[in-house]
1. Considering only residues that are open to solvent by less than 20 Å² (accessible area, probe 1.4 Å) and assigned to a strand (DSSP E or B), which ones fall in the range B:231-246?
2. Within the bounds of the range B:116-128, is there any residue that is facing another protein chain (nearest Cβ under 8 Å), out of contact with any Gly (no Cβ under 7 Å at 6 or more places or on another chain), open to solvent by less than 20 Å² (accessible area, probe 1.4 Å) and modelled with pLDDT of 95 or more?
3. How about the range B:249-280: which of its residues are crowded, with 24+ Cβ neighbours inside 10 Å and of a type in the set (D, E, K, R)?
4. Just checking: which of the strands (runs of 3 or more DSSP E) contained wholly in the range A:273-329 hold 2 or more residues that are open to solvent by 10 Å² or more (accessible area, probe 1.4 Å)?
5. Among the residues of the range A:360-392, write down those that are of a type in the set (Ser, Thr, Tyr) and more than 14 Å from chain B (Cβ to nearest Cβ).
6. Would you please name the residue that is farthest from the other protein chains (Cβ to nearest Cβ), looking only at residues in the range B:129-142 that are open to solvent by less than 30 Å² (accessible area, probe 1.4 Å) and part of a loop (DSSP other than H, G, I, E, B)?
7. Failed condition for residue A:347, given (1) aliphatic (A, V, I, L, M); (2) at pLDDT below 95; (3) under 30 Å from residue A:327 (Cα atoms), with all others met?
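The values are calculated or read from the model by the stated rules, or taken from the named source; none is laboratory data. For clarity, every value in this text was computed on a predicted model and none was experimentally measured. In this analysis, Cβ positions are derived from the backbone assuming ideal geometry, glycine residues included, and neighbour counts consider all displayed protein chains. For accessibility, only protein heavy atoms count, side chains too; no ligands or nucleic acids. Shrake-Rupley method; radii C 1.70, N 1.55, O 1.52, S 1.80 Å.
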Amino acid sequence: MAIELKMPALSPTMEEGTLAKWLVKEGDTVKSGDILAEIETDKATMEFEAIDEGTIGQILIAEGTDNVKVGTVIATITGEGEDAAPTPAPAPTAEAPKADAPKDEAPRKAESGTEQLIVKAKAAVADPAIPEGTAMVRLTVREALRDAMAEEMRADDRVFVMGEEVAEYQGAYKVTQGLLDEFGARRVIDTPITEYGFAGLGTGAAMGGLRPVIEFMTFNFAMQAIDHIVNSAAKTNYMSGGQMRCPIVFRGPNGAASRVGAQHSQNYAPWYASVPGLIVIAPYDAADAKGLLKAAIRTEDPVVFLENELLYGRSFDVPDLPDHVLPIGQARIMRPGKDVTVVSYSIGVGLALEAAEQLAGEGIDAEVIDLRTLRPLDTATVLASLKKTNHLVVVEEGWPTCSIASELAMVAMEHGFDDLDAPVTRVCNEDVPLPYAANLEKAALVDVQRVVAAVKAVRNRG
Amino acid sequence: MAKAPARASAAPKKTASTPTPANNREQPRDPVPYDATPAELEKFYREMLLIRRFEEKAGQLYGLGLIGGFCHLYIGQEAVAVGLQSALDGDKDSVITGYRDHGHMLAYGIDPKVIMAELTGRAAGISRGKGGSMHMFSVEHKFYGGHGIVGAQVSLGTGLAFAHKYRGDGGVAMSYFGDGASNQGQVYESFNMAELWKLPIIFVIENNQYAMGTSVNRSSAEDQLYRRGESFRIPGMQVDGMDVLAVRGAAEAALEWVRAGKGPVLMELKTYRYRGHSMSDPAKYRSREEVQAVRDKSDAIEHLKKLMTDAGIGEDKFKDIDKEIRAIVAESADFAESAPEPELHELYTDVLVEQY
């Protein structure tokens, strides 16, 4: 029986890829460890190795084919003594059902609760900060972040990028791809795995007059460095009576990633947003990622810039401007509406937009606000919307306790109490460490249906 | 090992040493005591005396309730900051330290009035009263604080060195920390990067023998702290921190190495603090006799005074200097007591630089 070779998933989020090149041909003998093909994901080109010994029977997907779904049979291998040629070609699809396959209740592939976080929703209205008629280019969030750093590095020699695997590896998540080639090892610096040390080094370099961009592979590892972010960077200007500035950007992915368990899946936004002296930014789409990262690098204040791994590969329209910089501290109305205000940030914005679409079909007109900056918080935009809709729901991919949602509920109490027709509601992750098991992970994370249900409940209260 | 350069003076007493290298790697030259001019001796003496009298006054003001919070005095350690900083180039080198920072600021010639006014929390203080004893800075003097978290200044100082190298401005960063901080993890993270990237930094361990109340022997598996850089290939020097000329001489050897682009040096300055860790230290961990013995036998100011006396300076001169210094300190205390507190609106200023 021929062995089917299937398009492999080379990262937790990969759904499809390009079969860039075959390194074997039909009839070749292969053994375990031989490289069969090169496969391009959205992040990198990976080599695909043989696990079994035998002869390449048929190559079913030609090299150069794009968008090959994970699980698609791409070739067959026959074992010793088997005839390679007459094996019938299997259907080249991932989900070809086998009629005689035993019924199996267990999931066939490693699913993730984070799939429910990835929605295709985009802003329904243009960002008023972008001039009308501006041409757009399609960029992934990853590319937008890279372009922001590259543009600022071209403009200002004081700007440098430092972190684990940012240079030769081209970024653990490929956000710094190409920067080493353009700017060299003086300005794109691989560090040892030493977050506390290089966060402190970067902070000291900022005090000494440079403009560091410090990448954390993920913000989970910044816990090792939080002392320098909070005690050294955030407080210096105040403690020195305005003498000593600290213009630094700490950036990297934040929040849940797919099936990586509790220690690698946490939203630190509320932690940093509670600290006076910091700017905290958490963009949703690529245009905001670019415009706000450029602003973060330019400002004189220390910035925590929270990205999201699940969004890195998503494409959005980005203004084709030589210098697209957005104001820090301004929320953006992503979808105007009159019945209820749904506020979110980062990946939660997609859920809010998707929920708003569904609710529109049921006659509820939701206004969706992307906070974009979490400190300083644009309470004016939220309160103006609340005044109009009289209902407030906060969507947050993170724990509910002491969250941005908690803060917004308090803001509504203090400054919008008379506008509330119903209590503020929050839709957050469950209040547990993020579990590994797919079903539990799904249960723990926010999703569109929970947002829809919360909005309906709030509307029914008054 | 590099030989000490020939000096005009007779073979000097060896008051500092580099460790015998465990290999044949190049090491900084053996330091020799600094050959100071009479004017330099007097300058060191004035600076050290100023630190001592200033700190004694700060202790008094603390006792009167005019200084609050934590207040860590530098009494006993004066020769370290004065000896080291006198070797730096004030136009390009940078300095950073922990919370026991008054002495380092005075050694930089920063006005005692604005330091004392910071201690009393007044608007005229160098941090406008918002930093306090542990958080003082003078960007003008390239003095970068004044940091309250034990060990943080080592990573931050490594960043200052990184900035010097990045800009190619020829500057060297000097990062002071204590024997207590020398056990912090980030110190070693910083050592690693500093040597890996050959950053221009001198790591200075002010070993005053006690981390709060825990002696070096009770906290450090390797109590010869100058050896703490060895596994990072950072050369170490152990220096008599009670002898300002030894300190200055060692600083010159270290600076030669660092300015030549050979990477960091670790200096361990053996010193002693006469007062408690902070003002609220009951000092049960050491005897009065131990402190008195150091004062009697090793005091840095008395040692320098003896050198100057031997060089022919008369007692009248010392009396004049003492009077002058007391007047400066009294003036700074009067200023710090009478200067107004910050305006209430200052509560909200300097949180962020920009408006959003």
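1. Hits for the range B:231-246 are B:236, B:237, B:239.
2. Yes, the range B:116-128 contains at least one residue that is facing another protein chain (nearest Cβ under 8 Å), out of contact with any Gly (no Cβ under 7 Å at 6 or more places or on another chain), open to solvent by less than 20 Å² (accessible area, probe 1.4 Å) and modelled with pLDDT of 95 or more.
3. B:268
4. Numbers: elements: A:279-281, A:303-307, A:315-319.
Where strands (runs of 3 or more DSSP E) fall fully within the range A:273-329 and carry at least 2 residues being open to solvent by 10 Å² or more (accessible area, probe 1.4 Å), they are A:315-319.
5. First, pick out the residues of the range A:360-392 that are of a type in the set (Ser, Thr, Tyr): A:373, A:379, A:381, A:385, A:389.
Within the range A:360-392, A:385, A:389 meet the criteria.
6. Narrowing the range B:129-142 to residues open to solvent by less than 30 Å² (accessible area, probe 1.4 Å): B:129, B:131-133, B:136-138.
Filter once more, so that each one left must be part of a loop (DSSP other than H, G, I, E, B): B:129, B:131-133, B:136-137.
Working: B:129: 7, B:131: 4, B:132: 8, B:133: 11, B:136: 8, B:137: 4 Å.
Result: B:133.
7. With (1) aliphatic (A, V, I, L, M); (2) at pLDDT below 95; (3) under 30 Å from residue A:327 (Cα atoms) applied to residue A:347, the lone miss is (2).
Yes/no per residue for (1) within 14 Å of chain A (Cβ to nearest Cβ); (2) outside any helix (DSSP H, G or I):
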position	(1), (2)
B:248	no, no
B:255	no, no
B:275	no, yes
B:285	no, yes
B:296	no, no
B:318	no, no
B:336	no, no
B:342	yes, yes
B:355	yes, yes
